[in-house]
1. Any chance you could count how many residues in the stretch 157-174 are on the phi < 0 side of the Ramachandran plot and either touching a Pro at 6+ places or on another chain (Cβ under 8 Å) or open to solvent by less than 70 Å² (accessible area, probe 1.4 Å) (or both)?
2. Just name the residue that is modelled with the highest pLDDT out of those in the stretch 1-53 that are over 30 Å from I85 (Cα atoms) and touching a helix residue (DSSP H, G or I) at 6+ places or on another chain (Cβ under 6 Å).
3. Does the stretch 124-134 hold any residues that are open to solvent by 50 Å² or more (accessible area, probe 1.4 Å) and among the polar types (S, T, N, Q), and which are they?
4. It is to be established whether one or more residues within the stretch 150-166 are touching a residue at least 40 places away in the same chain (Cβ under 8 Å) and part of a strand (DSSP E or B).
Amino acid sequence: MSLRKYLTSRVFFAQILAAMTIVAIISYLFFHWITYTTRHGQEITVPDLSKLSAEQAEEKLDALDLDYIILDTVDFRPEFPKLTIVEQEPKAGSKVKEGRKIYIKINASKYTMVSLPDLVEKTYRQAVPTLEAVGLLEGTITYKPYLGKDMVLEMRMNGKKLKAGDKVLKSSKIDLVLGDGKVGFVEAIDSTAVDTMQIPTGDE
């Protein structure tokens, strides 16, 4: 049979049809397998784990075929219960696949201790940011006579005088005693003069 007759024969068209059918079947099976193995279209919505304990989060994630890993314990945050989840990644509402791990951070059970910075002889404007930088708060402000206005003279907490380096709980309020600036230069000089004045004796 010549090539021309073969290309126009029923046998050739039957073979072409059979080949196309085989390719179609293989393609269907391949894409079906890909869809199954990648679980295309079977995404899971990540639940909100905020303020849950690790045990509660595990129970909730197990029901969705998800897992979790504790990354770290963060400094105590009063707006969250102790030892509960404060952060998660992926975020709540994200779409993930089955078996995905959710990374979480746990709230500490209490505030950590920090060292009180040296604020004495610093101005009020310097003292407050220094306190905040180590996680402490400004407490009550009182004044007493001193040449330097708004100069920190003492640091106190609950009526107790503190010194630099003392350990206090983070987020504690530190009371500051400041100079009122009402002791003038003249008064200071006069006071010094009185202290150094020599009282004449009868021999002179």
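1. Of all residues in the stretch 157-174, those on the phi < 0 side of the Ramachandran plot come to 157, 160-164, 166-170, 172-174.
Now drop any that are not either touching a Pro at 6+ places or on another chain (Cβ under 8 Å) or open to solvent by less than 70 Å² (accessible area, probe 1.4 Å) (or both), which leaves 157, 162, 164, 166, 168, 170, 172, 174.
Number of matching residues: 8.
2. Filtering the stretch 1-53 for residues that are over 30 Å from I85 (Cα atoms) and touching a helix residue (DSSP H, G or I) at 6+ places or on another chain (Cβ under 6 Å), the one modelled with the highest pLDDT comes out as F12.
3. Q126
4. Step one: of the stretch 150-166, the residues touching a residue at least 40 places away in the same chain (Cβ under 8 Å) are 162-166.
If we keep only those that are part of a strand (DSSP E or B) as well, we get 162.
Yes, there is a match, as at least one residue in the stretch 150-166 is touching a residue at least 40 places away in the same chain (Cβ under 8 Å) and part of a strand (DSSP E or B).
The values are calculated or read from the model by the stated rules, or taken from the named source; none is laboratory data. Predicted model only: the values in this text are computed from it and were never measured. Using ideal geometry, Cβ is built from the backbone for each residue, glycine included, and neighbour counts are taken over all protein chains shown. Areas reflect the complete protein model, heavy atoms only, side chains present, ligands, DNA and RNA absent. Shrake-Rupley method; radii C 1.70, N 1.55, O 1.52, S 1.80 Å.
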